[in-house]
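Notes to accompany the following structure.
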Amino acid sequence: MKLTPEYLAGFFDGEGCIDCQKMYAKPPYEKKYYVRPRLRLAQGPAGFEVLDELKKEFGGHVSRERQGRGNQSNSKSWEILNKKGIIAMLELLEPRLIIKKEQARLCLWWFKYCAGKNGFPEAARREFAEQLKLLKRDPQRLSGEAIAEIQQLMR
């Protein structure tokens, strides 16, 4: 099965998730707050093959099948935290996304200008996570506005 970029963008727009893990560094830096963007997608049995293709193409991992309860079907999920894989996927999908376009733009900007750089204040990292949440609630919000909010805290 070969997934076209257009198919994958539509599939991810409808079923995928762009969010970030928030965590504190391990000792002796436990006060240092980090954010790490991630992509996730869960599917029932009909979509298991798509999850396997995503793993093959971009990396990440697919969880073991979970048994559904009642009317719920069994499910698996794919998740990727790897910077290189996330960037590859978002660069492929971003021009084709509709609903998650601005979230993708914000994450790509974060990876290009902020990720892995220790000089940014914690407030800017927290603002990135908050802006990503706001873009999920309001997909029409522009990532440029979110970036401006984060940059204010980086000065």
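The values are calculated or read from the model by the stated rules, or taken from the named source; none is laboratory data. Fair warning: this is a prediction, and the values are worked out from it, not measured in the lab. For neighbour counting, all protein chains shown are included, and Cβ atoms are generated from backbone atoms with ideal geometry for every residue, glycine included.
Counting only residues that are under 16 Å from the mean Cα position of the chain (by Cα) and touching a residue at least 60 places away in the same chain (Cβ under 8 Å), how many does segment 97-125 have?
11
Hey, which of the helices (runs of 4 or more DSSP H) in segment 1-101, taking only ones fully inside, have at least 2 residues that are touching a His at 6+ places or on another chain (Cβ under 6 Å), surrounded by 15 or more Cβ atoms within 10 Å (Cβ to Cβ) and at pLDDT below 95?
Values: elements: 5-15, 48-58, 83-93.
Correct list: empty, since no element meets the threshold.
Name the residues in segment 69-87 that are in contact (Cβ under 8 Å) with a residue 24 or more places away in the chain, of a type in the set (Gly, Ala, Ser) and farther than 16 Å from Arg36 by Cα, would you?
If the condition is that a residue be in contact (Cβ under 8 Å) with a residue 24 or more places away in the chain, of a type in the set (Gly, Ala, Ser) and farther than 16 Å from Arg36 by Cα, then Ser73, Ser75, Ser77 are the ones that fit.
Please work out which one of (1) closer than 19 Å to Ala42 by Cβ; (2) surrounded by fewer than 18 Cβ atoms within 10 Å (Cβ to Cβ) is the condition Gln151 fails and give its number.
Every condition holds for Gln151 apart from (1).
Just to be sure before I move on: is Phe128 within 13 Å of the chain's Cα centre (by Cα) and either surrounded by fewer than 18 Cβ atoms within 10 Å (Cβ to Cβ) or not basic (Lys, Arg) (or both) in the structure I sent? Can you show your working first?
Working: within 13 Å of the chain's Cα centre (by Cα): yes; either surrounded by fewer than 18 Cβ atoms within 10 Å (Cβ to Cβ) or not basic (Lys, Arg) (or both): yes.
Yes: the conditions hold for Phe128.
For the subset of segment 49-71 comprising residues that are closer than 24 Å to Lys84 by Cα and small (Gly, Ala, Ser), which member is nearest to the chain's Cα centre (by Cα)?
So, considering only residues that are closer than 24 Å to Lys84 by Cα and small (Gly, Ala, Ser), the one nearest to the chain's Cα centre (by Cα) is Gly60.
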